[in-house]
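> My structure is below; once you've seen it, I'll send some questions.
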């Protein structure tokens, strides 16, 4: 949250576009904040994309994109940029690995590692296991330390209940370091007593 992941993806897409490198952008259908088929960054930039559901086979999708490129006599994508990759299924991450290995298309994923309870998302876990390279985009807690938890707040209080996936922005999630996260949990528990 608030680390600029989508903005970085969109800047990378712009660099590819300026360099004439064919690419495709994907995002999870679970990300409903800004509508379907668009990746939007809080810095105010956006780009059209293909929205994929957790049941979509990403390898088959890219085979279809390649086939369509050949039919239309346009360059096939050299890169796939994926926003909100934490929402991919483990199987979809494996399919992206096959896109790299079998179709020779590079894949760059942007997403969160953990949820509001500091538990790893399934897609993120599989990405950590299979990725050739991982670059962490750091964000800071309000105390200045490195944020590692996207704490969920409801009615001004930290919460540890609810579904793993709940779409929200700055009104719902706050990036916290481990110390501030556990301090907030303790304060919440004490105020409930």
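> Restricting to DSSP H runs of at least four residues, report the calculated mean residue ellipticity at 222 nm for the chain, -39500 (n - 2.57) per run over all residues, nearest 500 deg cm²/dmol.
Taking each H run of at least 4 residues, the total per residue is -11500 deg cm²/dmol.
> If you don't mind, another one. What shape does segment 138-193 have by the C-alpha gyration tensor, where a ≥ b ≥ c are the square roots of the eigenvalues, rounded means a/c under 1.5, and otherwise prolate means a/b greater than b/c and oblate the rest?
Oblate is the answer for segment 138-193, as a/c is 1.5 or above yet b/c matches or exceeds a/b.
> Below 8 Å, C-alpha to C-alpha, sequence gap of six or more: please give me the relative contact order for the chain in percent.
Over the chain, the number comes to 20 percent.
> How would segment 65-125 be classified by its alpha-carbon gyration tensor: rounded, prolate or oblate, with rounded meaning a/c under 1.5 and the a/b versus b/c comparison settling the rest?
Cα axes put segment 65-125 in the prolate bin.
> Now for a different question. Can you give me the distance in nm between label points at residue 157 and residue 186, each placed 7 Å from the Cα along the Cα-to-Cβ direction?
Rounded to a tenth, the inter-label distance reads 1.8 nm.
> Now a separate question. For the chain, just list the percent of Cα-Cα distances falling in each 5 Å bin from zero outward, please.
Bin by bin from 0 Å, the calculated values are 1, 7, 15, 19, 19, 15, 10, 6, 4, 2, 1, 0, 0, 0.
> On to the next question. Given axes a ≥ b ≥ c from the Cα gyration tensor, I'd like to know whether segment 112-176 is rounded (a/c under 1.5), prolate (a/b larger than b/c) or oblate.
Oblate shape, in that a/c is at least 1.5 and b/c is the bigger or equal ratio.
> What fraction of the DSSP beta bridges in the chain is antiparallel, stated in percent and rounded to the nearest 5?
50 percent
Every number here is computed from the coordinates shown, using simple stated rules; none is lab data. Since the model is a prediction, treat every value here as computed from it, not as a measurement. Neighbour counts are summed over all protein chains in view; Cβ atoms, including those assigned to glycine, are modelled from backbone coordinates with ideal geometry.
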